[in-house]
Amino acid sequence: MHDQAVEGDANAQFNLGNMYRDGRGVARKAGKAVKWYRKAAEQGDANAQVNLGWMYVYGRGVAQDYAQAVEWYRKAAEQGDAFGQVNLGWMYRDGRGVAQDYAQAVEWYRKAAEQGDACGQVNLGWMYRDGRGVAQDDALAVMWYRKSAERGHADAQFNLGWMYEYGLA
């Protein structure tokens, strides 16, 4: 795999980044993980872009930099990557690396949710439940929680139960 990564294979670079991040078969080295993720990300690999964004959010192998994380998440999100979309929504929801913007968070969560992504669905449910970036709507919150819960998402299952317990479903 190392030879393929050195030769420029983005998938091999992404996988080598994972190996260094997790310490599988090599010593755990966050800086080397970042190096390999960046090589793959710069070639347009959405998985590497998301992982590189994560490294910036948590300051693993790089200085913590939310604005850089947003840039990498956006690259993946704009390619249609659901995980990139959820993470970009999270950055907008919390105002990390961008101005807090609930409507933008909803837009990115919706893109992931409509692809069937359970995290996008539960996050969209939260936004409807709380009326953040959208009009408050318990019925839509329940609908999104249910979709996510059916995919096995524990937070969605909890929130759906909560909505039933308080007569909101």
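Most tightly packed first, judged by the mean number of other beta-carbon atoms within 10 Å of their residues, the peptides 86-93, 162-169 read 86-93, 162-169.
Largest first, the residues PHE158, PHE14 sort by 1.4 Å accessible area into PHE158, PHE14.
With r defined as the distance between the Cβ atoms of ARG96 and ALA139 and R0 fixed at 22 Å, what FRET efficiency is calculated, to the nearest 0.05?
Using R0 = 22 Å, I get an efficiency of 0.15.
Ligands, DNA and RNA left out, the 1.4 Å accessible surface of the stretch 2-107 is 43% carbon and sulfur atoms.
Based on protein heavy atoms only, the stretch 26-169 ends up with 48 Å² per residue of surface accessible to a 1.4 Å probe.
At full extension, ALA27 and ASP65 could sit 11.2 nm farther apart than now, given 0.36 nm per residue minus the alpha carbon distance. List the relative contact order of the stretch 98-169 as a percent without decimals, with contacts defined as Cα pairs under 8 Å and 6+ residues apart. Computed over the stretch 98-169, the figure is 25 percent.
Each part reduced to its alpha carbon centroid, the stretch 146-169 and the stretch 9-64 end up 34 Å apart. Which pairs in the list LYS29/LYS75; LYS35/LYS75; LYS35/LYS147 are over 28 Å apart, alpha-carbon to alpha-carbon? Check vs 28 Å cut-off fails for LYS35/LYS147. Residues considered: ASP117, ASP81, ASP94. Largest GNM mean-square fluctuation over the chain, using C-alpha springs under 10 Å, is found at ASP94. The calculated pair-distance distribution of the stretch 55-169 uses every alpha carbon pair, bins of 5 angstrom beginning at 0, and gives 3, 14, 21, 21, 17, 13, 7, 3, 1, 0 percent.
Both the radius of gyration and Dmax for the stretch 81-132 are 9.6, 27 Å, in that order, over alpha-carbon atoms. Considering every alpha-carbon pair of the stretch 32-102, the percent of pairs per 5 Å bin, from zero through the bin containing the longest distance, is 4, 22, 30, 25, 14, 5, 1.
The values are calculated or read from the model by the stated rules, or taken from the named source; none is laboratory data. As the structure is a computational prediction, the values presented were derived from the model and not from experiment. With ideal geometry, Cβ positions are generated from the backbone for all residues, glycine too; neighbour counts draw on all protein chains shown. Quick note on the areas: whole protein, heavy atoms, side chains included, nothing else; ligands and nucleic acids left out. Shrake-Rupley method; radii C 1.70, N 1.55, O 1.52, S 1.80 Å.
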